[in-house]
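Peer 1: Below: one structure in structure tokens.
The values are calculated or read from the model by the stated rules, or taken from the named source; none is laboratory data. Note that the coordinates shown come from a computational prediction; the quantities given were computed from them, not determined experimentally. Glycine also receives a Cβ, built like all others from the backbone with ideal geometry; neighbour counts cover every protein chain displayed.
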Amino acid sequence: MADQPSYHLFGNVLTFRARPSQGSPFLLTEARSAPGAGAPPNRHAGDGEAFYILAGTYAFSVDGQDRVVGAGDYVPIPTGAPHAFRNVGEGEARMLILNWPGHQHEAFFSGLGEAVPPGFAPVTPPGPPPEAALAEIRRRSAACGVELLV
């Protein structure tokens, strides 16, 4: 597919491999995560979500349960469950993220992420954003149907 945009968000480079806006019944995203990067606690009722780890090591928290996963592991997220993940390895980690029907996450990743060129390396954020910036991120997330729990 020629048009596979990528976005840098929370230290992850997210590249769309299949997306609803292009006729897919789901959103398939390849994620490359810098060491220490991940996704803050969040939940969403409108999109199903699951993760398949390709390389590296991630720590997941799903509905209060913590687990560390690696290549070949699958992490389903129950609809509406609070969840978060973080690359706990020393190098870049990779996974596939499946969202269905995917409209919320396509809007979330592209609306909050910074568009980056192919091959862009993920960069770990220096720390949490200031409260004013976090309030804006929460507002924009909520507009996509994703509730940030930070």
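Peer 1: Which of the following residues is in contact with a helix residue (DSSP H, G or I) (Cβ under 9 Å, 6 or more places away or on another chain), among the basic types (Lys, Arg) and touching a residue at least 12 places away in the same chain (Cβ under 8 Å): 19, 43? Before the answer, list the steps.
Peer 2: Working: 43 fails: in contact with a helix residue (DSSP H, G or I) (Cβ under 9 Å, 6 or more places away or on another chain).
Residue meeting the stated conditions: 19.
Peer 1: Just to be sure before I move on: is residue 51 in contact with a strand residue (DSSP E or B) (Cβ under 8 Å, 6 or more places away or on another chain) and outside any loop (DSSP other than H, G, I, E, B) in the structure I sent? Show your work before the answer.
Peer 2: On the way: in contact with a strand residue (DSSP E or B) (Cβ under 8 Å, 6 or more places away or on another chain): yes; outside any loop (DSSP other than H, G, I, E, B): yes.
Spelling it out, residue 51 is indeed in contact with a strand residue (DSSP E or B) (Cβ under 8 Å, 6 or more places away or on another chain) and outside any loop (DSSP other than H, G, I, E, B).
Peer 1: Would you mention how many residues in segment 121-150 are surrounded by 15 or more Cβ atoms within 10 Å (Cβ to Cβ) and in contact with a Lys or Arg (Cβ under 9 Å, 6 or more places away or on another chain)?
Peer 2: Going through segment 121-150 one residue at a time, the tally reaches 4.
Peer 1: Residue check: is residue 29 touching a strand residue (DSSP E or B) at 6+ places or on another chain (Cβ under 8 Å), under 25 Å from residue 121 (Cα atoms) and either assigned to a strand (DSSP E or B) or in contact (Cβ under 8 Å) with a residue 24 or more places away in the chain (or both)? Spell out the reasoning first.
Peer 2: Values: touching a strand residue (DSSP E or B) at 6+ places or on another chain (Cβ under 8 Å): yes; under 25 Å from residue 121 (Cα atoms): yes; either assigned to a strand (DSSP E or B) or in contact (Cβ under 8 Å) with a residue 24 or more places away in the chain (or both): yes.
The answer is yes for residue 29.
Peer 1: Among the candidates 41, 76, 35, single out the residue that is under 23 Å from residue 137 (Cβ atoms), modelled with pLDDT of 95 or more and either over 15 Å from the mean Cα position of the chain (by Cα) or surrounded by fewer than 16 Cβ atoms within 10 Å (Cβ to Cβ) (or both). Write out each step before concluding.
Peer 2: Numbers: 76 fails: under 23 Å from residue 137 (Cβ atoms); 35 fails: either over 15 Å from the mean Cα position of the chain (by Cα) or surrounded by fewer than 16 Cβ atoms within 10 Å (Cβ to Cβ) (or both).
Being under 23 Å from residue 137 (Cβ atoms), modelled with pLDDT of 95 or more and either over 15 Å from the mean Cα position of the chain (by Cα) or surrounded by fewer than 16 Cβ atoms within 10 Å (Cβ to Cβ) (or both) holds for just one of 41, 76, 35, which is 41.
Peer 1: Also, I was wondering about something else. Is one or more of the residues making up segment 72-79 touching a Phe, Trp or Tyr at 6+ places or on another chain (Cβ under 6 Å) and closer than 22 Å to residue 18 by Cβ?
Peer 2: yes
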